[in-house]
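Asks: Sharing a structure below in structure tokens format, with a few things to ask.
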Amino acid sequence: EAQVTQNPRYLITVTGKKLTVTCSQNMNHEYMSWYRQDPGLGLRQIYYSMNVEVTDKGDVPEGYKVSRKEKRNFPLILESPSPNQTSLYFCASSISGNKETQYFGPGTRLLVL
Amino acid sequence: GENVEQHPSTLSVQEGDSAVIKCTYSDSASNYFPWYKQELGKRPQLIIDIRSNVGEKKDQRIAVTLNKTAKHFSLHITETQPEDSAVYFCAAPAGGSYIPTFGRGTSLIVHP
């Protein structure tokens with residue numbers, strides 16, 4: 001089944017404790033991205049990747065890191081989480097860019113205390 | 001960068017009525033306009049999209065219209081049903097950008 005998966009689905013952590021949210025897609029998509037969704041603010045892109053080893057900042061990259069060592073995986077890293085990073089996070093992929101259907105993962109709900 | 005405004009933020013209709021959600025964008029080079037539906041607790045999923053070379057696209061009860069001159073596009077849902085209740089997002093990636101800019105969403109409530 002073609003899909004985007006994320007883990008974990010729910011995470012409670014404390015300020016400053018490094019964490020990684022994994023994202024994987026099995027559709028051989030070139031473009032992958034991370035979004036955060038906050039009430040009243042819609043979906044805002046954090047980082048995107050056009051292909052392996054090619055990543056770039058989205059609209060709200062501060063406090064996040066990403067890597068794209070393999071085509072199928074695009075982990076999101078919070079090296080020192082803060083409470084303002086409490087949010088719902090979605091990974092997404094598309095065939096080759098942002099002007100095509102974005103396929104979203106199931107979401108990761110993060111609470112930073 | 002692109003600026004996308006979506007209205008209304010909340011829309012309440014009776015079952016069977018029509019619903020219209022409108023988005024305006026700022027970059028005249030934008031050429032791809034998708035609409036996503038997000039049911040409660042679920043992921044966003046594409047329901048319809050339109051490219052700038054057409055003015056309207058229909059898929060059963062949903063349609064999208066595009067006015068490039070005025071820089072706005074709208075989602076139309078006819079004969080609404082309770083299962084249409086969800087948050088709907090538009091997006092308008094700026095012409096030269098790899099970042100998809102989403103509207104803030106419209107919460108559609110369809111009352112039985």
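The values are calculated or read from the model by the stated rules, or taken from the named source; none is laboratory data. What you see is a predicted model, and the numbers here were worked out from it, not measured in a lab. Cβ: placed from backbone, ideal geometry, glycine included. Neighbour counts: every protein chain shown. These area figures cover heavy atoms from the full protein model, side chains too; ligands, DNA and RNA do not enter into them. Shrake-Rupley method; radii C 1.70, N 1.55, O 1.52, S 1.80 Å.
Asks: I want the local charge near B:ASN67. Using Cβ-Cβ distances under 13 Å, sum +1 for each Lys or Arg and -1 for each Asp or Glu among the other residues.
Replies: My count for the surroundings of B:ASN67 gives +2.
Asks: Next question. For region B:18-62, list residues with backbone N below 15 Å from a point placed 7 Å from the Cα of B:SER107 toward its Cβ?
Replies: So the set is B:38-42.
Asks: So what's the convex hull volume per residue for the Cα atoms of region A:54-113, in Å³?
Replies: 99
Asks: Once you charge only the Cβ atoms, +1 for Lys and Arg and -1 for Asp and Glu, what is the size of the charge dipole of chain A about its Cα centre, to the nearest 20 debye?
Replies: 260
Asks: While we're on this one: What's the average, rounded to a whole number, of partner chain beta-carbon atoms within 10 Å of each residue's beta-carbon in A:43-50?
Replies: Taking all residues of A:43-50 together, the mean is 3.
Asks: Which Cα, out of B:ILE99, B:TYR36, B:ALA70, lies furthest along the positive dipole direction of the protein assembly as shown (beta carbon charges, K/R +1, D/E -1)?
Replies: Going by the charge dipole, the pick is B:ILE99.
Asks: Okay, moving on. Put +1 on the Cβ of each Lys and Arg and -1 on the Cβ of each Asp and Glu in the protein assembly as shown; which of B:GLN6, B:ILE47, A:VAL52 then has its Cα farthest toward the positive end of the dipole?
Replies: So the residue furthest toward the plus end is A:VAL52.
Asks: While we're here: Does anything in region A:83-113 have its amide N under 17 Å from the 7 Å Cα→Cβ label point of A:VAL54, and if so which residues?
Replies: A:93-100
Asks: OK, next. Using +1 on the beta carbon of Lys and Arg, -1 on that of Asp and Glu, and nothing else charged, what's the dipole of region B:1-76 about the Cα centre, debye to 20?
Replies: 160
Asks: Still on this model: Looking only at chain B, where both bridge partners belong to it, what percent of the DSSP beta bridges are antiparallel (to the nearest 5)?
Replies: The antiparallel fraction comes to roughly 85 percent.
Asks: What is the list of residues in region B:62-87 whose amide nitrogen lies under 19 Å from a point 7 angstrom out from the Cα of B:ASP17, following Cα to Cβ?
Replies: Inside the label zone: B:62-63, B:75-87.
Asks: How crowded by other chains is B:94-105, given as the mean number of beta carbons from other chains within 10 Å of each beta carbon?
Replies: Mean partner-chain Cβ count within 10 Å for B:94-105: 6.
Asks: Here is a further query. How do A:THR108, B:THR101, A:THR5 rank by accessible surface area computed with a 1.4 Å probe, from largest to smallest?
Replies: The ranking, largest first, comes out as A:THR5, B:THR101, A:THR108.
Asks: Follow-up. Could you give the dipole magnitude of the protein assembly as shown about its Cα centre, charging the beta-carbon of Lys and Arg +1 and that of Asp and Glu -1, in debye to the nearest 20?
Replies: The dipole magnitude comes to about 540 debye.
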